[in-house]
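Each remark here refers to the structure printed beneath this line.
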Amino acid sequence: ALGSRWRLMADAGWYQSRRDNAHAMYEQSVLSPERLDSLRIVHLERSFGAHLLIFLRKYTILAADIPSAGAELKRRLSRAGVETAADITDKNLSSASFLRSGVADDLLNWRERLEAQYWESSYHGLNAAQQAELTRQYSAEQEVIRDGLMQAEQDLTGLSQEILKEQQYIQQRLNELEARFQLVAPEVVACRKAVGESNLG
């Protein structure tokens, strides 16, 4: 069992992978304020996502201020179903085969600017229950991170201990073989000498 485990884990890549995973978990635990803030943003986007779409639908593609998109291109987009800023998604734009990649980027940037305008002009707060839920979720993630770090340490420590035991066992076997050799060595020499003398006779 140890042999198969060793073949799996002896590769330096295994150690590097475990080290990278542990390092990533450590970074997550250190950057706790940023992680909590990101959870808050995700929650806000879920809570106000429908309101955001209503806001984006007020801006039609025909009236969009995008220099790289002329009037004819805007009409083609509108006929293809991209009628408002809310319709500007990677999926919708990729289906518009007539659209150049540079123009697609400009359209996405236009939508992003409108989204930023929405978030800046609206108040999006969290009540006590929502804040408590985010804190609970964050604490649960931190617990998973701590467990992961402990498991990584246990894996490496456990394997090192098993390897040490295997090395000690091998050394013990070598010592036994050496002792046996020392016991039979005189007999081997005597046999060789007797064989040599008989051949001379």
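The values are calculated or read from the model by the stated rules, or taken from the named source; none is laboratory data. The shown structure was predicted, so the numbers you read here are calculated from the model rather than taken from an experiment. No Cβ is skipped: glycine too gets one built from the backbone with ideal geometry, and neighbour counts run over all protein chains shown.
Listed by first and then second residue, the pairs with beta-carbon distance under 6 Å, at least 6 apart or on different chains, first residue in region 65-91 and within 19 Å of Leu52 (Cα to Cα), second β-branched (Val, Ile, Thr) and surrounded by 10 or more Cβ atoms within 10 Å (Cβ to Cβ), are Val82/Ile61; Glu83/Ile61; Thr84/Thr60. Within region 173-194, identify whether any single residue is within 30 Å of Leu73 (Cβ to Cβ), surrounded by fewer than 10 Cβ atoms within 10 Å (Cβ to Cβ) and modelled with pLDDT of 70 or more, and answer yes or no. No, region 173-194 contains no residue that is within 30 Å of Leu73 (Cβ to Cβ), surrounded by fewer than 10 Cβ atoms within 10 Å (Cβ to Cβ) and modelled with pLDDT of 70 or more.
If you scan region 62-87, which residues turn out to be loosely packed, with under 12 Cβ neighbours inside 10 Å and part of a loop (DSSP other than H, G, I, E, B)? Result: Asp65, Pro67, Gly70, Gly81. Only residues that are at pLDDT below 75 and aliphatic (A, V, I, L, M) were counted in region 163-172, giving 2.
Go through region 88-104 and count every residue that is out of contact with any Ser or Thr (no Cβ under 9 Å at 6 or more places or on another chain) and either of a type in the set (A, V, I, L, M, F, W, C) or not in a loop (DSSP other than H, G, I, E, B) (or both).
Matching residues across region 88-104 total 10.
Please tell me if Ala22 is aliphatic (A, V, I, L, M), at pLDDT below 85 and either out of contact with any helix residue (DSSP H, G or I) (no Cβ under 9 Å at 6 or more places or on another chain) or within 30 Å of Arg100 (Cα to Cα) (or both).
The answer is no for Ala22.
Can you say whether Ala96 is modelled with pLDDT under 90 and surrounded by 12 or more Cβ atoms within 10 Å (Cβ to Cβ), as far as the supplied structure shows? Answer is yes for this residue.
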